[in-house]
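First the structure, in the form of structure tokens, and then the observations on it.
The values are calculated or read from the model by the stated rules, or taken from the named source; none is laboratory data. Note that this is a predicted model, so its numbers are computed, not measured. Because the Cβ atoms are built from the backbone with ideal geometry, glycine has one as well, and the counts that use them run over all protein chains shown. Keep in mind that these areas ignore ligands, DNA and RNA; they rest on the heavy atoms of the full protein, side chains included. Shrake-Rupley method; radii C 1.70, N 1.55, O 1.52, S 1.80 Å.
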Amino acid sequence: MTGCTGPEPATEDAGLRDPAKKRIAMQLVSSAENSSLDWRAQYAYIEDIDDGRGYTAGIIGFCSGTGDLRDVVERYAAARPGNPLERFLPALRTVEGSASHAGLGRPFTDAWAKAADDPEFRSAQDGERDRAYFDPAVERARGDGLGALGQFIYYDAYVMHGAGDTDGEDGFTTIRRRALSTARPPAKGGDEQAYLDAFLDARVAAMRQEAAHSDTSRVETAQRVFVREGKLGLETPLRWKVYGDSYRVDGG
């Protein structure tokens with residue numbers, strides 16, 4: 001049977017899940033976490049930055065003290081049993097909740113850096129990033145009616161603060177609740193830029209609770225700039241500053 005068909009239905013905006021937008025998100029996070037746009041070089045990164053969370057490592061700053069670094073190693077062990085990091089799992093479980101390096105130290109940091117040559121290890125980091133941070137942040141942002149910029153703003157808050165409150169520090173859930181108390185998200189008929197400004201206000205207040213996060217430039221001279229420029233779809237070019245360093249992305 002032949003004949004004409006109507007126009008194809010519009011496809012839903014992929015937002016931050018679009019591969020080009022996701023790469024930009026990773027560059028933005030890397031500029032804040034590692035002072036570099038080369039986020040792929042960070043799989044091997046590991047050091048103690050003296051923030052009370054033990055080792056900070058990998059593409060988004062997984063921490064031994066918060067347990068997500070252990071989650072990465074467990075994921076890697078499931079994919080590559082007997083890998084050189086697997087033997088450190090008992091120590092990683094012991095140090096969780098502290099800044100301790102007990103049972104880890106140089107042998108562990110060397111093994112982490114070397115493992116970055118293994119595609120399975122890089123995949124483990126990607127997978128844990130998506131499971132614990134990227135996917136829930138984007139899903140929550142889409143539910144609030146936010147575009148790619150708002151989805152990134154939620155994601156970056158997840159990366160720094162986690163989903164829930166810990167040790168008297170506000171997590172994403174509390175930050176969002178405080179924003180909702182002062183502005184409506186687009187899903188509730190609110191103005192997107194006004195809501196994102198309210199969310200960033202709540203985020204800055206949360207950051208100032210902790211000395212390690214007292215520099216708020218990743219918000220004020222980056223995300224806030226994009227909001228005020230109206231780049232709600234995270235359109236390029238993007239120009240921003242973090243810790244006084246200037247960055248630019250011209251495309252995805």
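A quick yes/no check of all residues on (1) touching an Asp or Glu at 6+ places or on another chain (Cβ under 7 Å); (2) surrounded by 14 or more Cβ atoms within 10 Å (Cβ to Cβ); (3) within 20 Å of Val159 (Cα to Cα); (4) at pLDDT 95 or above:
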position: Met1; (1), (2), (3), (4): no, no, no, no
position: Asp13; (1), (2), (3), (4): no, no, no, no
position: Leu37; (1), (2), (3), (4): no, yes, yes, yes
position: Cys63; (1), (2), (3), (4): no, yes, yes, yes
position: Ala77; (1), (2), (3), (4): yes, yes, no, yes
position: Gly105; (1), (2), (3), (4): no, no, no, yes
position: Asp110; (1), (2), (3), (4): no, no, no, yes
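Report yes if Asp197 is within 20 Å of Val29 (Cβ to Cβ), open to solvent by 10 Å² or more (accessible area, probe 1.4 Å) and touching a residue at least 24 places away in the same chain (Cβ under 8 Å), otherwise no. Talk me through it step by step, then tell me what you get.
Values: within 20 Å of Val29 (Cβ to Cβ): no; open to solvent by 10 Å² or more (accessible area, probe 1.4 Å): yes; touching a residue at least 24 places away in the same chain (Cβ under 8 Å): yes.
Answer is no for this residue.
Please pick out the residue among Arg184, Arg177 that is of a type in the set (Lys, Arg), surrounded by fewer than 16 Cβ atoms within 10 Å (Cβ to Cβ) and over 17 Å from the mean Cα position of the chain (by Cα).
Working: Arg184 fails: surrounded by fewer than 16 Cβ atoms within 10 Å (Cβ to Cβ).
Only one candidate passes the filter, namely Arg177.
Looking at Ser214, is it of a type in the set (Gly, Ala, Ser), over 24 Å from Arg17 (Cβ atoms), within 20 Å of the chain's Cα centre (by Cα) and open to solvent by 10 Å² or more (accessible area, probe 1.4 Å)? Spelling it out, Ser214 is indeed of a type in the set (Gly, Ala, Ser), over 24 Å from Arg17 (Cβ atoms), within 20 Å of the chain's Cα centre (by Cα) and open to solvent by 10 Å² or more (accessible area, probe 1.4 Å). What about Gly190, is it outside any helix (DSSP H, G or I) and either closer than 24 Å to Arg129 by Cβ or at pLDDT below 95 (or both)? Criteria not met by Gly190.
Do we have any residue at all in segment 218-228 that's open to solvent by 20 Å² or more (accessible area, probe 1.4 Å), over 18 Å from the mean Cα position of the chain (by Cα) and not hydroxyl-bearing (Ser, Thr, Tyr)? Give the steps one after another, and end with the answer.
The first filter runs over segment 218-228 and keeps only residues open to solvent by 20 Å² or more (accessible area, probe 1.4 Å), leaving 220-221, 225, 228.
Those left that are additionally over 18 Å from the mean Cα position of the chain (by Cα): 225, 228.
Subset that is not hydroxyl-bearing (Ser, Thr, Tyr): 225, 228.
Scanning segment 218-228, I find at least one residue that is open to solvent by 20 Å² or more (accessible area, probe 1.4 Å), over 18 Å from the mean Cα position of the chain (by Cα) and not hydroxyl-bearing (Ser, Thr, Tyr), so the answer is yes.
For Gly150, are the conditions met, namely being open to solvent by less than 20 Å² (accessible area, probe 1.4 Å), within 30 Å of Ile49 (Cβ to Cβ), in contact with a helix residue (DSSP H, G or I) (Cβ under 8 Å, 6 or more places away or on another chain) and modelled with pLDDT under 95? No; evaluated as a whole, the condition is false for this residue.
With respect to Asp126, is the statement that it is out of contact with any Lys or Arg (no Cβ under 9 Å at 6 or more places or on another chain) and in contact (Cβ under 8 Å) with a residue 60 or more places away in the chain true?
Working: out of contact with any Lys or Arg (no Cβ under 9 Å at 6 or more places or on another chain): yes; in contact (Cβ under 8 Å) with a residue 60 or more places away in the chain: yes.
Yes; evaluated as a whole, the condition is true for this residue.
Applying a threshold of 9 Å to beta carbon distances and a minimum spacing of six or more residues, or different chains, the list of pairs starting in segment 217-229 at a residue that is touching a residue at least 12 places away in the same chain (Cβ under 8 Å) and more than 14 Å from Asp245 (Cα to Cα) and ending at one that is among the β-branched types (Val, Ile, Thr) and in a helix (DSSP H, G or I) reads Gln223/Ile153; Arg224/Val204; Phe226/Ile153; Val227/Ile153.
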